[in-house]
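Chemist: This structure is in structure tokens; I'll ask about it shortly.
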Amino acid sequence: MFGYVQPLKPELKMKEYEAFRGYYCGLCKAIKEKYTNTARFMLNYDCAVLYLLFSSMSDEMPHADRERCIASPFKKKTVIRGECSAYAAAVNMLLGCAKIKDTAVDEKKLYARALLGIYGGVRRRAARNQQELSQEFEKRLAALWELETQRCADIDAVSSEFARLLAAVFSLAPFGFLDDAAKKALWHL
């Protein structure tokens, strides 16, 4: 479903990779603060890129600190915090919970069914935080599941629904620095 974006480390300078890791760690911390500590298991690079993209478009100067965390208790890591992290965290939770539900329905995995119960409150909180986006997710995911149920062989039809879901992630972002032209460009992206 998602989770395929990864940085091409050999092409990045050390400072660029450190900055990317800072956004990744900042998103992880935002997930912990807005949702739960265990929700950080759903953290992915896709939403870190989303956070980085919106931060780069914002006039706000993100705040960088060196902090320890559960993944790195002895060595401090760069953590970049900014206004866009909460939105990226909500998107991460909505996509992560949708992926778990997809696994539970398609593969009938017991662990996925258990995770649905564990992360149900997280999904509801993310849906409350981003109501319009959540409604669009429900609509697009229902259309995707309908295509799967019909065993649709048209890859373009399936891809189109998921593309509309991702377009909503960009075009429904609640930031004042995004005017209609920017939202339209992001929708096409």
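The values are calculated or read from the model by the stated rules, or taken from the named source; none is laboratory data. This one's a predicted model, so the numbers in the text were calculated from it and none came from an experiment. Cβ placement follows ideal geometry from the backbone for every residue including glycine, while neighbour counts extend to all protein chains displayed. Just so you know, the surface numbers come from the protein's heavy atoms only, side chains and all, with ligands and any DNA or RNA stripped out. Shrake-Rupley method; radii C 1.70, N 1.55, O 1.52, S 1.80 Å.
Chemist: I want to confirm something. Restricting to the range 144-174 and keeping residues that are assigned to a helix (DSSP H, G or I) and charged (D, E, K, R), which single residue is least open to solvent (accessible area, probe 1.4 Å)?
Modeler: Glu161
Chemist: Condition first: within 22 Å of Tyr45 (Cα to Cα), assigned to a loop (DSSP other than H, G, I, E, B) and free of Cβ contacts under 8 Å to residues at least 40 places away in the same chain. Now tell me which residues in the range 72-128 satisfy that.
Modeler: Of everything in the range 72-128, those that are within 22 Å of Tyr45 (Cα to Cα), assigned to a loop (DSSP other than H, G, I, E, B) and free of Cβ contacts under 8 Å to residues at least 40 places away in the same chain turn out to be Ser72, Pro73, Lys75, Lys76.
Chemist: Could I ask something else about it? Which one of the conditions (1) touching a residue at least 60 places away in the same chain (Cβ under 8 Å); (2) open to solvent by 60 Å² or more (accessible area, probe 1.4 Å) does Glu11 fail to meet, given that it meets all the rest?
Modeler: (1)
Chemist: From the list Glu161, Glu132, which residue is under 28 Å from Asp59 (Cβ atoms), among the acidic types (Asp, Glu) and out of contact with any Asp or Glu (no Cβ under 6 Å at 6 or more places or on another chain)?
Modeler: Glu132
Chemist: Say whether the condition of being at pLDDT 95 or above, among the hydroxyl-bearing types (Ser, Thr, Tyr) and either within 24 Å of Arg128 (Cα to Cα) or surrounded by fewer than 23 Cβ atoms within 10 Å (Cβ to Cβ) (or both) is met by at least one residue in the range 58-75.
Modeler: no
Chemist: A further question follows. For the list (1) under 29 Å from Ala163 (Cβ atoms); (2) among the polar types (S, T, N, Q); (3) open to solvent by 50 Å² or more (accessible area, probe 1.4 Å), I need the number of the one condition that Ser55 fails.
Modeler: Of (1) under 29 Å from Ala163 (Cβ atoms); (2) among the polar types (S, T, N, Q); (3) open to solvent by 50 Å² or more (accessible area, probe 1.4 Å), only one is false for Ser55: (3).
Chemist: Just give me the residues in the range 175-189 being part of a helix (DSSP H, G or I) and not small (Gly, Ala, Ser), in sequence order.
Modeler: Selection gives Asp180, Lys183, Lys184, Leu186, Trp187, His188.
Chemist: Taking Tyr119 as the residue in question, decide whether it is open to solvent by 60 Å² or more (accessible area, probe 1.4 Å) and at pLDDT 90 or above.
Modeler: So Tyr119 fails the test.
Chemist: Right, next: So, of the residues in the range 145-189 that are farther than 18 Å from Ser55 by Cα and acidic (Asp, Glu), which turns out to be farthest from the chain's Cα centre (by Cα)?
Modeler: Among those that are farther than 18 Å from Ser55 by Cα and acidic (Asp, Glu), it is Asp154.
Chemist: Just checking, which of Tyr35, Tyr17, Tyr24 is modelled with pLDDT of 90 or more and surrounded by fewer than 18 Cβ atoms within 10 Å (Cβ to Cβ)?
Modeler: Tyr17
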